[in-house]
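Here the structure is laid out as structure tokens; the discussion comes afterwards.
The values are calculated or read from the model by the stated rules, or taken from the named source; none is laboratory data. Keep in mind the model is a prediction, meaning the values are calculated, not measured. Ideal geometry is used to build each Cβ from the backbone, glycine not excepted, and the neighbour counts take in all protein chains shown. Accessible surface is based on the protein model in full, side chains and every heavy atom, while ligands, DNA and RNA are left aside. Shrake-Rupley method; radii C 1.70, N 1.55, O 1.52, S 1.80 Å.
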Amino acid sequence: MTSVTTTLQPRVAPRRRIRLSWSDLRGIIWQVLIVGAILGVIWYLVDNTNRNLTARRIATGFAFLDRVAGIPIGESLIDYDPSIHTYGRALFVGVLNTLRVSIIGIVLATVLGTLIGIGRLSTNWLLAKITAAYVEVMRDIPLLLHLLFWYTLLQQFPGPRLALHIGDSVFLSNRGIGVPIVQWHDAFSWMALACGLGCAVIGLLRRLARRRQEATGHRPLLWPLSVGLLIVVPGLVWFGLGAPFVVERPVLRGFNFQGGATLSPEFAALLIGLVIYTAAFIAEIVRSGIQAVPRGQWEASRALGLRRGAILRRIVLPQALRLIIPPMTSQYLNITKNSSLAVAIGYQDLVSIANTTLNQTGQAIEGIAYIMAVYLTISLSISLFMNYYNARSALTER
Amino acid sequence: MKRHKIAGWLLGAGLVAVTNVVSSGVAWAQGTPTQPTAAQGSGSATLDAVRQRGEVRCGVVGTVTGFAQPDSQGVMRGMDADVCRALAAAALGDGEKVKFIVTTAQNRFTALQSGEVDLLARVTTWTLGREANLGTLFTGINFYDGTGFLVKKSLNVKAAKELAGATICVQPGTSTELAIADFFRANAIKWTPILIQDVAEIRAAFLSGRCDAYSTDASGLASFRFTQGDKKDDFILLPDIISKEPLGPLVRKGDDKWFDLVRWTLFAMLAAEEFGVTTANVDAMSESKIPDIRRLVGLEGDLGKALGVDNKFVVTILKAVGNYGEVWERNITPMGIPRGINNLWNKGGLHYAPPMR
């Protein structure tokens with residue numbers, strides 16, 4: 001057996017004379033016809049669109065991206081002023097807002113969904129039934145209703161002047177949740193740098209420790225050093241730079257709270273709606289993934305004396321992951337695309353801003369093309385990453 | 001492998017084709033309705049299409065009392081709705097032959113461009129950009145409006161400039177949105193916009209206190225306040241009108257005859273008010289000796305024929321909806337909006353119809 005495998009050579013395909021049979025020819029003709037027909041249809045559509053746009057004197061092209069927008073935007077991650085900035089920047093604000101809600105939504109939905117999925121398999125009757133009910137109820141309600149429900153609910157809080165509050169720093173009103181933030185100081189950048197360096201060093205040490213473990217069977221104790229690198233060193237940096245710490249609290253001034261950070265009701269409603277809805281689907285994916293791992297794995301692990309938590313973490317979940325990742329990718333894409341329902345509750349995501357833009361400029365085709373291009377890019381990026389992750393965690397088999 | 005590649009290409013090409021259908025559906029779905037067709041037609045493709053169809057397709061707002069909103073019987077009521085009826089009366093001789101198509105602030109221009117509606121009478125502001133970039137033509141002004149602010153009385157705000165730091169509910173894709181941004185920019189006031197597309201949702205947000213102020217055309221605010229019934233005194237309309245918002249019906253570019261008909265339908269209603277011709281007395285006007293009136297009601301001249309319709313088209317309009325003043329009395333007066341600049345030119349207002357001759 002071993003001698004055979006060593007002598008195996010890559011097989012070279014025998015050279016074939018090119019010979020066209022009738023069926024080959026027929027295949028080629030069909031393909032040419034179909035491709036030709038499709039190209040013809042595309043040409044007709046593009047030509048017709050252009051001709052009609054010209055006939056109606058409707059402006060075309062992407063020149064509007066450089067024009068001053070003038071459209072106000074409620075919340076923005078980057079500096080945006082409608083009187084200075086262009087449509088291009090306004091649309092970019094929209095892209096960032098979409099990414100912001102999608103990324104946070106994906107993380108939270110994954111955590112919540114995984115917990116609920118595991119909960120459904122719990123031996124605790126109450127927990128299993130509650131999580132089952134959650135899944136069945138939440139996934140049956142259309143997402144738009146989720147969003148409208150949460151948005152209406154969040155509007156029921158009292159106005160800013162009667163805001164519910166915890167001490168004088170956290171305020172809950174129909175304008176959102178106001179929380180205090182620490183004012184930014186240069187020292188924080190240095191602390192972040194120290195933390196990053198610490199992480200790099202720990203990573204290196206872990207590899208050394210692993211090598212030592214493989215060689216000697218003993219794993220050196222790393223955590224005291226890690227704590228030192230991640231907490232003590234940045235702490236010293238902070239102290240050395242004068243220990244800056246100024247808290248900025250939200251204060252009611254005029255109509256609204258000024259200062260601090262505000263989580264707007266629109267963003268909160270969209271995020272809560274997306275997370276709660278998608279978590280129900282993710283829970284089912286996780287549950288089915290875990291149940292697909294053969295019972296023998298559980299029994300064998302139990303025979304080794306592992307506890308339930310350890311079995312789940314070390315034996316079952318890693319194997320379930322291979323089944324979970326592909327459908328999970330679809331859910332992540334769903335969150336991203338579903339975030340476009342934001343338009344119903346006034347969160348200004350990409351679609352909302354692009355809609356306004358195309359309405360103010362009248363350039364619908366360009367606006368829709370922009371939306372499609374952005375969603376395609378985001379979706380393909382998620383797919384690519386998840387496929388890479390899937391390939392990495394797949395069982396290596398021949 | 002090769003097969004898969006080809007399949008992939010086909011799929012890709014198919015996708016491109018599908019997206020093209022979606023994006024070009026605007027122009028594609030209707031072919032070219034703006035070109036004059038048969039020689040024996042009216043010279044207006046839209047008018048010919050309307051006659052063949054037997055109804056005028058009219059894009060309206062559908063949610064604003066006084067302009068276009070269905071009553072308890074499901075009949076569309078309001079000033080814009082009456083413009084549609086007047087046009088149907090002129091074009092088809094029957095004011096009820098209108099199909100009302102409710103459009104949103106965001107899809108209205110596409111609906112007009114694509115030919116889904118024959119005209120848009122949807123509280124739409126006449127601006128240079130909309131006429132120059134969107135392939136549309138405004139046929140005139142049927143309501144002189146301006147952007148205003150509605151606030152809760154309990155807020156104790158007396159003027160728009162006191163709204164510094166306020167949160168304001170606005171509909172996206174409107175000229176209001178741009179007007180407010182301009183106003184606060186000019187006065188260096190910070191504000192927070194809440195932009196919700198759906199009119200019902202944005203009003204709910206304002207009522208719940210999510211926004212300090214609700215802004216749109218002053219007429220729309222008055223109409224909204226009016227619909228609050230007993231609670232309407234909890235809200236006040238700030239005295240500031242921060243922009244000019246001339247509202248009027250608009251049509252597609254490229255069909256001048258249709259444009260003429262819509263424009264002169266509006267003027268005919270104004271002229272009728274000016275000459276004192278109403279629904280009630282239009283029949284008696286056949287006895288009139290005044291040349292202007294005789295021309296207006298089709299006793300002399302060929303005004304209707306010049307527009308491609310019956311010479312007695314104004315009589316049909318007046319029997320269907322009445323003159324401009326009557327339309328105003330029926331739709332706008334109940335909301336408590338004074339006539340103001342919407343009066344006729346000789347009564348201190350801005351409405352002025354050119355000579356109908």
Hey, B:L237 hits all of (1) within 29 Å of A:L341 (Cβ to Cβ); (2) under 24 Å from the mean Cα position of the chain (by Cα); (3) touching a residue at least 60 places away in the same chain (Cβ under 8 Å) but one; which does it fall short on?
(1)
When the range B:190-237 is examined, which residues are found to be touching a strand residue (DSSP E or B) at 6+ places or on another chain (Cβ under 7 Å) and small (G, A, S)?
B:A205, B:A213, B:S215, B:A218, B:S219, B:G220, B:A222, B:S223
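Scan A:L45, A:L33 and give me the residue that is touching a helix residue (DSSP H, G or I) at 6+ places or on another chain (Cβ under 7 Å), part of a helix (DSSP H, G or I) and not assigned by TED's automatic domain parsing to the domain that holds A:N355. First the steps, then the outcome.
Values: A:L33 fails: touching a helix residue (DSSP H, G or I) at 6+ places or on another chain (Cβ under 7 Å).
The conditions single out A:L45.
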Those residues of the range B:342-357 which are under 20 Å from the mean Cα position of the chain (by Cα) and either part of a strand (DSSP E or B) or surrounded by 16 or more Cβ atoms within 10 Å (Cβ to Cβ) (or both), in sequence order:
B:N342, B:N343, B:L344, B:H351, B:A353
Could you please give the count of residues in the range A:281-297 that are within 22 Å of the chain's Cα centre (by Cα) and open to solvent by less than 10 Å² (accessible area, probe 1.4 Å)?
4
Can you run down the residue pairs with Cβ atoms below 9 Å, 6 or more apart or on separate chains, where the first is in the range A:132-158 and away from chain B (no Cβ under 14 Å) and the partner is open to solvent by 70 Å² or more (accessible area, probe 1.4 Å) and assigned to a loop (DSSP other than H, G, I, E, B)?
none
State the number of residues belonging to the range B:114-140 that are farther than 25 Å from B:P354 by Cα and open to solvent by 10 Å² or more (accessible area, probe 1.4 Å).
4
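For the range A:76-90, what are the residues that are closer than 14 Å to B:K190 by Cβ and either modelled with pLDDT of 90 or more or open to solvent by less than 40 Å² (accessible area, probe 1.4 Å) (or both)? It would help to see each step written out before you state the result.
Looking only at the range A:76-90, we keep the residues that are closer than 14 Å to B:K190 by Cβ, and these are A:76, A:79-83.
Selection gives A:Y80, A:P82, A:S83.
Any residue in the range B:193-204 that is under 22 Å from B:A68 (Cβ atoms), of a type outside the set (G, A, S), more than 9 Å from every other protein chain (Cβ to nearest Cβ) and open to solvent by 10 Å² or more (accessible area, probe 1.4 Å)?
So in the range B:193-204, the residues under 22 Å from B:A68 (Cβ atoms) come out as B:196-204.
Keeping just the survivors that are of a type outside the set (G, A, S) gives B:196-199, B:201-203.
Keeping just the survivors that are more than 9 Å from every other protein chain (Cβ to nearest Cβ) gives B:199, B:203.
Add one more test, that the residue is open to solvent by 10 Å² or more (accessible area, probe 1.4 Å), and what stays is B:199, B:203.
Within the range B:193-204, one or more residues are under 22 Å from B:A68 (Cβ atoms), of a type outside the set (G, A, S), more than 9 Å from every other protein chain (Cβ to nearest Cβ) and open to solvent by 10 Å² or more (accessible area, probe 1.4 Å).
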Being in contact with a helix residue (DSSP H, G or I) (Cβ under 9 Å, 6 or more places away or on another chain), under 19 Å from B:A88 (Cβ atoms) and open to solvent by less than 70 Å² (accessible area, probe 1.4 Å) is the requirement here; does B:N323 meet it?
yes
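Could you say whether any residue in the range B:214-225 is free of Cβ contacts under 8 Å to residues at least 40 places away in the same chain, small (G, A, S) and either part of a strand (DSSP E or B) or more than 9 Å from chain A (Cβ to nearest Cβ) (or both)?
No, the conditions are met nowhere in the range B:214-225.
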What do you reckon, is B:A89 in contact with a Ser or Thr (Cβ under 9 Å, 6 or more places away or on another chain), surrounded by fewer than 21 Cβ atoms within 10 Å (Cβ to Cβ), in contact (Cβ under 8 Å) with a residue 12 or more places away in the chain and in a helix (DSSP H, G or I)?
no
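Within the bounds of the range A:274-283, is there any residue that is among the aromatic types (F, W, Y), outside any loop (DSSP other than H, G, I, E, B), over 26 Å from B:I202 (Cα atoms) and more than 14 Å from every other protein chain (Cβ to nearest Cβ)?
Within the range A:274-283, the first condition is being among the aromatic types (F, W, Y), and the residues that meet it are A:277, A:281.
With the extra rule that they be outside any loop (DSSP other than H, G, I, E, B), the set shrinks to A:277, A:281.
Among the residues that remain, those that are also over 26 Å from B:I202 (Cα atoms) are: A:281.
Going one step further and asking which of them are more than 14 Å from every other protein chain (Cβ to nearest Cβ), we end up with A:281.
Yes, there is a match, as at least one residue in the range A:274-283 is among the aromatic types (F, W, Y), outside any loop (DSSP other than H, G, I, E, B), over 26 Å from B:I202 (Cα atoms) and more than 14 Å from every other protein chain (Cβ to nearest Cβ).
Kindly evaluate B:A179 against the criterion of being part of a helix (DSSP H, G or I), aliphatic (A, V, I, L, M) and open to solvent by 20 Å² or more (accessible area, probe 1.4 Å). Walk me through how you get there before you give the answer.
Working: part of a helix (DSSP H, G or I): yes; aliphatic (A, V, I, L, M): yes; open to solvent by 20 Å² or more (accessible area, probe 1.4 Å): no.
So B:A179 does not fit the description; no.
Tell me, which residue of the range B:58-75 that is outside any loop (DSSP other than H, G, I, E, B) and crowded, with 20+ Cβ neighbours inside 10 Å is modelled with the lowest pLDDT? Walk me through how you get there before you give the answer.
The initial filter retains those residues of the range B:58-75 that are outside any loop (DSSP other than H, G, I, E, B), namely B:58-60, B:64, B:68-70.
Narrowing further to those that are crowded, with 20+ Cβ neighbours inside 10 Å: B:58-60, B:64, B:68-69.
Details: B:C58: 97, B:G59: 96, B:V60: 96, B:V64: 88, B:A68: 95, B:Q69: 94.
Among those that are outside any loop (DSSP other than H, G, I, E, B) and crowded, with 20+ Cβ neighbours inside 10 Å, it is B:V64.
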For the range A:325-377, name all the residues that are more than 14 Å from chain B (Cβ to nearest Cβ), small (G, A, S) and in contact with a helix residue (DSSP H, G or I) (Cβ under 7 Å, 6 or more places away or on another chain).
A:S339
Residue count for the range B:182-209, restricted to those that are within 30 Å of A:L147 (Cα to Cα), part of a helix (DSSP H, G or I) and free of Cβ contacts under 8 Å to residues at least 40 places away in the same chain
7
Positions within the range B:113-153 being more than 23 Å from A:I365 (Cβ to Cβ), over 13 Å from the mean Cα position of the chain (by Cα) and more than 12 Å from every other protein chain (Cβ to nearest Cβ), in sequence order
B:G146, B:T147, B:G148, B:F149, B:L150, B:K153
Checked the range A:101-131 for anything more than 18 Å from A:M328 (Cβ to Cβ) and basic (K, R); matches are A:K129
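Can you work out which of the residues in the range A:154-168 that are exposed (fewer than 15 other Cβ atoms within 10 Å of the Cβ) and not basic (K, R) is nearest to A:V246 (Cα to Cα)? Full working, then the answer.
Step one: of the range A:154-168, the residues exposed (fewer than 15 other Cβ atoms within 10 Å of the Cβ) are A:156, A:158, A:161-162, A:164-168.
If we keep only those that are not basic (K, R) too, we end up with A:156, A:158, A:162, A:164-168.
Numbers: A:Q156: 33, A:P158: 29, A:L162: 26, A:L164: 24, A:H165: 21, A:I166: 19, A:G167: 17, A:D168: 15 Å.
Among them, the one singled out is A:D168.
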May I ask you to list the residues in the range B:156-176 that are open to solvent by 10 Å² or more (accessible area, probe 1.4 Å), assigned to a loop (DSSP other than H, G, I, E, B), under 22 Å from A:G94 (Cα atoms) and within 9 Å of another protein chain (Cβ to nearest Cβ)?
B:T174
Given the criteria within 21 Å of B:T63 (Cβ to Cβ), open to solvent by 50 Å² or more (accessible area, probe 1.4 Å) and without any contact (Cβ under 8 Å) to a residue 12 or more places away in the chain, does B:K289 qualify?
no
Identify the residue in the range A:28-51 that is exposed (fewer than 14 other Cβ atoms within 10 Å of the Cβ) and over 30 Å from B:Q113 (Cα atoms) and, among all such residues, is farthest from the other protein chains (Cβ to nearest Cβ).
A:I29
Exactly one condition in (1) under 26 Å from B:V56 (Cβ atoms); (2) in contact (Cβ under 8 Å) with a residue 12 or more places away in the chain is not met by B:A280; state its number.
(2)
Quick one: what pairs do we get from the range A:45-70, first residue on the phi < 0 side of the Ramachandran plot, second among the hydroxyl-bearing types (S, T, Y) and modelled with pLDDT under 90, C-beta under 6 Å, 6+ apart or different chains?
A:L45/B:S24; A:T49/B:S24; A:L53/A:T60; A:F64/A:T361
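Considering only the range B:326-341, how many residues are open to solvent by 10 Å² or more (accessible area, probe 1.4 Å) and assigned to a helix (DSSP H, G or I)? Before the answer, list the steps.
So the first thing to find is which residues in the range B:326-341 are open to solvent by 10 Å² or more (accessible area, probe 1.4 Å), and the list is B:326, B:329-331, B:333-341.
Remaining after also requiring assigned to a helix (DSSP H, G or I): B:326, B:329-331, B:333-335, B:340-341.
Selection size over the range B:326-341: 9.
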How many residues of the range A:58-75 are crowded, with 18+ Cβ neighbours inside 10 Å and either more than 10 Å from chain B (Cβ to nearest Cβ) or in a loop (DSSP other than H, G, I, E, B) (or both)? The answer is 8
